[in-house]
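Below you'll find the structure, written out as structure tokens, and then a few comments.
The values are calculated or read from the model by the stated rules, or taken from the named source; none is laboratory data. Predicted, not measured: the structure shown is a model, and the values here were computed from it. Cβ coordinates were reconstructed from backbone atoms using ideal geometry, including for glycine residues, and neighbour counts include every protein chain displayed.
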Amino acid sequence: MAQSPQTTVAVPGGSFLLEPAGSTPIFTVEDFGEEQRAMAAEADRFMQKEVWPKERRLESKEGKAAKEMVQILKKACDLGFGQVEVPEKFGGIGADKTTALLITDKLGTSGDFCVTWGAHSGIGLAPILYFGTDAQKKKYVTKIADGKMVSCYALSEPGSGSDALAARTVAKLNDAGTHYILNGTKQWITNAAWMDVGVVFAKVDGDKFTAFIVERDTPGFTIGQEEHKLGLRGSSTCQLIFNDAPVPVENVLGEVGKGHKIAFNTLNLGRYKLAIGVLAAAKRSLAESMQYAADRKQFHTRVLDFGATRDMLADSIIQIFLGESLSYRIAGNIDARLHSLNDSAPDYVDQQMAAIEEYAIEASIAKVFCSEALDRIADRCLQWHGGYGFVEDYKIEKFVRDARVNRIFEGTNEINRLLIPGTLFKRGMHKRLNLYGAIGQLEQRLATDDFAPAPAGAEGTQLAEFALQRLKWLTLTVAQALSARHGVALEGEQETMVGLANLIIDVYAIDSGVARVIKRVAANGASSEAIVSACVTVAACEALDRGTVAARRLVESCYEGDVLQPWLAKIDRLGAHLPANLLVLRRAIAADAVAKGGYKLSSY
């Protein structure tokens, strides 16, 4: 059984906003052992041999018609990648979440394959794995994991994307009580043309949201035409159409009327996995484009040597380092909770779901941060290609096309941004998180002016920690201001909720990076970790600068006149511009990446 060492503790979800950086250990890629690294190397070799050379073929009409992606998917399953999270009693490896995330990381370097893989062995398998009866698991889990059956996940509909619970597909029990009769249409279903089995959501009697396991040969069930997509053309995306389709009662997944538990927990799992998958695509885009920019000259100078190019490169390296840090942190936290559970407990599944749901805020942050980082990085990489980036001679145009949808599926980034502060406030009100206690402690600090100035001559991680703490206090102040102004109506103030979410996202990303750097410095010494220290210093200082401005604008949207001034005074007290030559640090980050040929701040 592939398991990562326990290097973290099960802190409450959302607590990153309330605690000093590095106060609790986090899991990082540096913690992987030899067994995990060997699995990762095998997955990497598989992608470079079986997928990368065939990408253009896979997205062609001929490749789609020949179902070549299915053949590759089954090869991946033959190598054991489909069994990573499957318990040993079903023929799987029984690995933990960090190991599973590592495999997703390596399989994420091709968008077409990654989305096909994720729909099959991730969201297409997890609902059965967690919520299925013993009979359902025996019937489907091993076959899906081995690639004998291709799976899919059908939640979205033509009229309900982000609002999944507004689904119109219905199910009604027949008079004999043997089958549910399904009617309706599912939209944007990955693997649809190739599916042998799928997890389908419908409302029993029109109101009881329920999950079903549906097989391809079900009478009255048909698959629509392939969608002609901007990107991910090598994957299959079709409608699933149900016209009086009978599904056996034994194929109800979980409980009737409890399908929302399956849907939302599956999305939480999918979000942080998507995050690491898109980062893998970002690393590949960067490496291939850096090689092009090294070969291409303008004005007798390599494109890679222009200062403007290197500034974009430095920002890309920083984004990947932070995204990598926060994604593995989530998996490590979930593992810490799962490792403490008793798998013989009667409510073991509920406990597992609670462990995953605990980090719903972090999962939404990961999805937003990493998908937007990929978009920025891929766009810059295309820019380095000049006009050649706009044609099919180079793969960067494909990388850009494939990247765009990541901000839409697994919950749009707008929906996820609303979930982040919304969930934070709810947990504070229900005492799951000491949010209001932390705000009260900050008020006491403000009253007594208990704020240490930036340490004289501070640099590196020390400067990053100072900036990060100020950013956390600013975020808490904005949360207090918005909550005081709007109360429970804040949920309807989407513009301000999104603004607050952006602050929280910055906090979690930088907090994860700082915690990782602290851990690396403790293990290797400060001199050998100068570049990662530079990354978090630049990120923290720049986030504090924009966070101070954003905080002022957010409270100005809520208050005016004499009521506004005390809030602005708090922000002025908490915000602090830190003198630092970030240009020098950015140049060092870029030079290191050029010397090493891409993102090389971790090796696994």
Residue check, residue 507 against (1) touching a Gly at 6+ places or on another chain (Cβ under 9 Å); (2) under 18 Å from residue 589 (Cβ atoms), all met but one. Which one?
(2)
Can you spot a residue in the range 585-604 that is among the acidic types (Asp, Glu), touching a helix residue (DSSP H, G or I) at 6+ places or on another chain (Cβ under 6 Å) and modelled with pLDDT of 95 or more?
yes
Contacts under 6 angstrom Cβ, first residue in the range 428-440 being part of a helix (DSSP H, G or I), partner among the polar types (S, T, N, Q), 6 or more apart
439/480
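Residue by residue, here is whether (1) closer than 28 Å to residue 572 by Cβ; (2) basic (Lys, Arg); (3) at pLDDT 95 or above holds:
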| position | (1), (2), (3) |
| --- | --- |
| 419 | no, no, yes |
| 446 | yes, no, no |
| 470 | yes, yes, yes |
| 477 | yes, no, yes |
| 495 | yes, no, yes |
| 504 | yes, no, yes |
| 516 | no, yes, yes |
Across the range 447-478, which residue is surrounded by the most Cβ atoms within 10 Å (Cβ to Cβ) among those that are more than 16 Å from residue 502 (Cβ to Cβ) and of a type in the set (S, T, N, Q)?
461
Residue that is surrounded by the most Cβ atoms within 10 Å (Cβ to Cβ), among those in the range 385-404 that are within 22 Å of residue 322 (Cβ to Cβ) and of a type in the set (A, V, I, L, M, F, W, C)
399
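Output the residue which, of all residues in the range 79-95 that are surrounded by fewer than 21 Cβ atoms within 10 Å (Cβ to Cβ) and touching an Asp or Glu at 6+ places or on another chain (Cβ under 8 Å), is modelled with the highest pLDDT.
Step one: of the range 79-95, the residues surrounded by fewer than 21 Cβ atoms within 10 Å (Cβ to Cβ) are 79-80, 87-92, 94.
Subset that is touching an Asp or Glu at 6+ places or on another chain (Cβ under 8 Å): 79, 91-92, 94.
Working: 79: 96, 91: 86, 92: 91, 94: 92.
Only one residue tops the list, namely 79.
Results for (1) more than 30 Å from residue 178 (Cα to Cα); (2) surrounded by fewer than 24 Cβ atoms within 10 Å (Cβ to Cβ); (3) among the basic types (Lys, Arg), shown as yes or no for each residue.
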| position | (1), (2), (3) |
| --- | --- |
| 256 | no, yes, no |
| 265 | no, yes, no |
| 289 | yes, no, no |
| 303 | yes, yes, no |
| 306 | yes, yes, no |
| 315 | yes, yes, no |
| 318 | yes, no, no |
Exactly one condition in (1) touching a Leu at 6+ places or on another chain (Cβ under 6 Å); (2) at pLDDT below 95 is not met by residue 40; state its number.
(2)
For residues in the range 7-49 being crowded, with 16+ Cβ neighbours inside 10 Å and farther than 25 Å from residue 507 by Cβ, which is farthest from the chain's Cα centre (by Cα)?
46
Write out, first by first residue and then by second, each pair whose Cβ atoms fall under 8 Å of each other, whose residues are 6+ apart or on separate chains, and whose first residue, in the range 364-391, is in the same structural domain as residue 296 (by TED's automatic domain parsing) and touching a residue at least 40 places away in the same chain (Cβ under 8 Å) while the second is outside any helix (DSSP H, G or I) and among the charged types (D, E, K, R).
367/410; 384/296; 385/296; 386/296
For the range 582-603, check the following and say yes or no: at least one residue is closer than 20 Å to residue 499 by Cβ and either assigned to a helix (DSSP H, G or I) or in contact with a strand residue (DSSP E or B) (Cβ under 7 Å, 6 or more places away or on another chain) (or both).
no
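In the list 108, 124, 132, which residue meets the criterion of being small (Gly, Ala, Ser) and more than 14 Å from residue 273 (Cα to Cα)? Give the steps one after another, and end with the answer.
Values: 108 fails: more than 14 Å from residue 273 (Cα to Cα); 124 fails: more than 14 Å from residue 273 (Cα to Cα).
Selected residue: 132, the only one of 108, 124, 132 that is small (Gly, Ala, Ser) and more than 14 Å from residue 273 (Cα to Cα).
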Extreme residue, surrounded by the fewest Cβ atoms within 10 Å (Cβ to Cβ), among residues of the range 527-551 that are farther than 14 Å from residue 502 by Cα, without any contact (Cβ under 8 Å) to a residue 24 or more places away in the chain and not acidic (Asp, Glu)
527
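Does residue 356 satisfy the condition of being touching a residue at least 12 places away in the same chain (Cβ under 8 Å) and either surrounded by fewer than 24 Cβ atoms within 10 Å (Cβ to Cβ) or under 14 Å from the mean Cα position of the chain (by Cα) (or both)? Give the derivation first.
Numbers: touching a residue at least 12 places away in the same chain (Cβ under 8 Å): yes; either surrounded by fewer than 24 Cβ atoms within 10 Å (Cβ to Cβ) or under 14 Å from the mean Cα position of the chain (by Cα) (or both): yes.
Yes, satisfied.
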Given (1) surrounded by fewer than 21 Cβ atoms within 10 Å (Cβ to Cβ); (2) modelled with pLDDT of 95 or more; (3) in a loop (DSSP other than H, G, I, E, B), index of the condition residue 243 fails:
(3)
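Looking at the structure I just gave you, is residue 554 in a helix (DSSP H, G or I), touching a residue at least 24 places away in the same chain (Cβ under 8 Å) and under 22 Å from residue 493 (Cα atoms)? Explain how you work it out, then say what you get.
Numbers: in a helix (DSSP H, G or I): yes; touching a residue at least 24 places away in the same chain (Cβ under 8 Å): yes; under 22 Å from residue 493 (Cα atoms): yes.
It is true that residue 554 is in a helix (DSSP H, G or I), touching a residue at least 24 places away in the same chain (Cβ under 8 Å) and under 22 Å from residue 493 (Cα atoms).
For every residue, the table says whether it meets (1) out of contact with any Pro (no Cβ under 8 Å at 6 or more places or on another chain); (2) aliphatic (A, V, I, L, M); (3) farther than 26 Å from residue 28 by Cα.
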residue	(1), (2), (3)
98	yes, no, no
104	yes, no, no
120	yes, no, yes
128	yes, yes, yes
145	yes, yes, yes
158	yes, no, yes
Look at the range 118-142 and say how many of its residues are free of Cβ contacts under 8 Å to residues at least 60 places away in the same chain and in contact with a Ser or Thr (Cβ under 8 Å, 6 or more places away or on another chain).
2
Against the condition buried (at least 21 other Cβ atoms within 10 Å of the Cβ), at pLDDT 95 or above and over 22 Å from residue 331 (Cβ atoms), how does residue 369 come out, does it pass?
no
